[in-house]
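Reading through the C-alpha cells given below for one structure.
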Amino acid sequence: MAKARAQWSSRLGFILAAAGSAIGLGNLWKFPYIALENNGGAFVLVYLAAIAVVGAPIMAAEIILGRKSQQSPVGAFGLLGTGKAGGRAWKGGGYLGVLAGFVILSYYCVVAGWTIRYILMAVSGSLGELAHHPDVLQSFFGDFLADPVSQILYQSLFMGATVAVVYFGVGKGIERAAKILMPVLFAILVVLTAYSVTTPGFGKAVTFLFQPNFSELTTGGVLEALGHSFFTLSLGMGAMLTYGSYMRRQDSIPRAALTICILDTVIAIMACLIMFSIIFSFDFEVTKSSTILFTTIPVLFFKLPGGAFICGLFYLLVAFAALSSTISLLEVVASYAMDELGWGRRRASLTMGVAIWIFGSLSAVSLGGVDALTTFNVIGRDSTAGVFGTLDYLASNWFLPVGGLFIALFTGWVLTGQESRDELEEGHGPLGWPFRAWRFLIRFAAPAAVAAIIVSVILGAEYQ
Ligand code: TRP
C-alpha cells in the first residue's frame, strides 16, 4: 500500500514554508539592483501589476495542481493530463521543472555561500577594515570570486545546510526550519527598516520607489519586471506545486496564495528601502551592478553608527532568506526521485544533493577560478559568459517562462473550470467573482504575458 503523503502540520506551516521559498536572493539581491537600474517608480509599479495579474494567478494554479494530484510536478502533469487533450505530453512540463530546480540550485548556492563569508567577516571585524575604502572591498571581492578553493568551500557549506534540512522531511525538516528562519528574518527586517527611517536618505528612497516617472520606463523594463515576478515568487518549475501537494485539504488556496504574494512583495520593497536609504544618505556614485550587495552596501553601512552590527545582521538576513529558498529547490528534485523513482527520502535528498553539489562546483570555479569555465560562452552574450552566466541565463530566460506557460495553459485550458473551482473552494467556501477573475487571468492574461517574455527572449532580449 502506498504510504500516506506527508503534510504540513498547520496552515501557518505551509504559508511560512512557501513564503520562505519565495523570499530569497530574488528579493534582497536582484530586485533592489534591477529597480535601481530601471530608475524605480514606474518600474516598481509595473512589477506590482505583474505580481497581481500574472504571479498571483499562477501561484494559485501551481498549488491547485499539487494539492489535487498529491504529486510532484512530473506525476502531477501525468496524472491530471491522462485522458485529456495533450495527454501525457504535459509531463514534459514536469521534467522541465525538475531540470530547472537542479540547475538553479547549483548556482544559487554559490551566491548564497558568499553571505556566509560576509557574516564571518562582519563578526571577526575584517569586513570593517576592507569596507573603509570602496576600491579595497571591490578588489577583495574580485579576488574572492577568483579563488576556487573559497568558492567551493562556501558553496559546499550552503549545500550541506540545504541537504540537512530536506533530509528530515516535510514536517521535521522544512516546516521546522521555516518556523525558525522566517520569524527571525521578519524581525531583522523590521529592525533594519526602522534603522533606515532614521537615516537622511530615507525620504529620497521613498520618492525613488513610489513616484512613477513613466518617461523612464522601457519595454525592456516591463518585460524584466514580468520575468522577475516569476523568479521571486518561485513560479514556473513546480516548487509551489510540490509544496501544495503537502497542503491540508481544510486550508484555503486563494488565501494562502495571496498571503505569500503579499509577504514576498512587502519584503522586496523593505529591502529596497533599507538599501536605498543608505545609498541616498551619501553623495556616492553607485555603479548599478549586480554585485552591489557585496561591494557598495558594506562600505556605506560602515560609514554609519553601529555599522558593524547592522552589516552582520544584514548578511544573516540574506543567508536565512536564501536557505529557505534553496530548501524548496532541492525538495522539487528530491520529491521527483521519491515519487517517480520510488526512492526513500534519505537516499533522494543525499543523492540529489551530492549530484547538484558536484555540478554546482563548476559554477563556483567559473567566476575567475578556472579559465576554461570562465570564458566558456555557448550563448554568446556578455552576460552569458562562463558556466554560471550560462546556467542563470537558461534558467531565468527559458526554463521558468516555458514552465510557467505549461502551468498556465494546463490549468486554464486542460483542467475544466469545475475542477479548478472545486479545488479553490475546498477549505475556503464558495467563490463568486474572484473565481471568474482568476479564471480569466489564468486563461488569457498569464499565457499572453509569459508568451511575450518568450518571444522577446527569442528576439534577443534577456531577463534575469
Ligand atoms: N524565489 C526565490 C528567490 O526569490 C528563488 C527560488 C526558490 C526559485 N525556488 C524557486 C525561483 C523556484 C524559481 C523557482 O530568491
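Just so you know, all these numbers are worked out from the coordinates, no wet-lab data involved. None of these values were measured; they are calculated from a predicted model. In this analysis, Cβ positions are derived from the backbone assuming ideal geometry, glycine residues included, and neighbour counts consider all displayed protein chains.
For the stretch 219-256 versus the stretch 351-367, the spacing of their alpha-carbon centroids is 26 Å. Pairs Lys30/Lys303; Lys30/Lys288; Lys30/Lys172; Lys68/Lys172; Lys30/Lys179: which exceed 22 Å Cα-Cα? Pairs exceeding 22 Å: Lys30/Lys303; Lys30/Lys172; Lys68/Lys172; Lys30/Lys179. For the chain, the membrane-span-like helices by this rule, meaning whole DSSP H stretches whose C-alpha atoms cover at least 15 Å of axis and whose Kyte-Doolittle mean is 1.6 or above, are 176-197, 253-280, 446-458; this says nothing about an actual membrane. Mean sequence separation of contacting Cα pairs (under 8 Å, at least six apart), scaled by the length of the chain, corresponds to a relative contact order of 33 percent. Rg over Rh for the stretch 201-283 works out to 1.10, using Cα positions for both radii and the Kirkwood form for Rh.
Per residue, the convex hull spanned by the Cα atoms of the stretch 1-81 measures out at 129 cubic angstrom. Between the stretch 95-146 and the stretch 416-456, the alpha-carbon centres lie 39 Å apart. The mean sequence distance of close C-alpha pairs (under 8 Å, at least 6 residues apart), as a share of the length of the stretch 307-402, puts its relative contact order at 13 percent.
Sites listed here are GluC sites (Glu not before Pro) in the stretch 207-312 whose DSSP assignment is loop and whose Cβ has at most 16 other Cβ atoms within 10 Å: Glu285.
Each residue in Val378, Val299, Val365, Val206 was given a count of other beta-carbon atoms within 10 angstrom of its own, and listing them fewest first yields Val378, Val206, Val299, Val365. Straightening the chain between Ser215 and Asp135 buys 25.4 nm, computed as 0.36 nm per residue apart minus the Cα-Cα spacing.
Helical runs (DSSP H, four residues minimum) scored at -39500 (n - 2.57) apiece and divided by the length of the chain put the mean residue ellipticity at 222 nm at -22500 deg cm²/dmol. Dipole check for the chain: with +1 at the C-beta of Lys and Arg, -1 at the C-beta of Asp and Glu, and the Cα centre as origin, the magnitude is about 1600 Debye. Here the extension length gained between Ala187 and Val53 equals 45.3 nm, from 0.36 nm per residue of separation less the Cα-Cα distance.
Ranking Ser139, Ile274, Asn397 by how far each Cα lies toward the positive end of the dipole of the chain (charges on Cβ) leaves Asn397 at the top.
Rounded to the nearest 0.05, what FRET efficiency do Ser156 and Phe444 have when you use their Cβ-Cβ distance and R0 = 41 Å? The value I calculate is 0.35. Using 0.36 nm per residue and subtracting the Cα-Cα separation, the extra length available between Thr416 and Ile180 on full extension is 81.0 nm.
For a paramagnetic label modelled on Trp398 (point 7 Å from Cα along Cα→Cβ), amide N atoms under 16 Å away belong, within the stretch 371-389, to 377-389.
Dividing the convex hull volume of the alpha carbon atoms of the chain by its residue count gives 138 Å³ per residue. The distance between label points at Ser289 and Ala355 comes to 3.6 nm (points 7 Å beyond Cα on the Cα→Cβ vector). Would you please classify the overall shape of the stretch 175-321 from the alpha carbon gyration tensor, given that a ≥ b ≥ c denote the square roots of the eigenvalues, rounded means a/c under 1.5, and beyond that prolate means a/b larger than b/c while oblate covers the rest? Since a/c reaches 1.5 but b/c is at least a/b, the shape of the stretch 175-321 is classed as oblate.
Computed over every Cα-Cα pair of the stretch 336-432 and binned at 5 Å starting from 0, the pair-distance distribution P(r) comes out as 3, 11, 11, 11, 12, 14, 13, 10, 7, 5, 3, 1 percent.
Could you tell me which of rounded, prolate or oblate describes the stretch 170-247, using a ≥ b ≥ c as the square roots of the eigenvalues of the alpha-carbon gyration tensor, with rounded for a/c under 1.5 and, failing that, prolate when a/b is larger than b/c and oblate otherwise? Oblate is the answer for the stretch 170-247, as a/c is 1.5 or above yet b/c matches or exceeds a/b. In this calculation the C-beta distance from Phe282 to Ser124 is compared with R0 = 35 Å, giving a FRET efficiency of 0.90.
Charges were assigned to the Cβ only: +1 to each Lys and Arg, -1 to each Asp and Glu. The resulting dipole of the stretch 168-325 about its Cα centre is roughly 560 debye. The trypsin sites (Lys or Arg not before Pro) of the stretch 340-442 that DSSP puts in a loop, and whose beta carbon has at most 16 other beta carbons within 10 Å, are Arg381.
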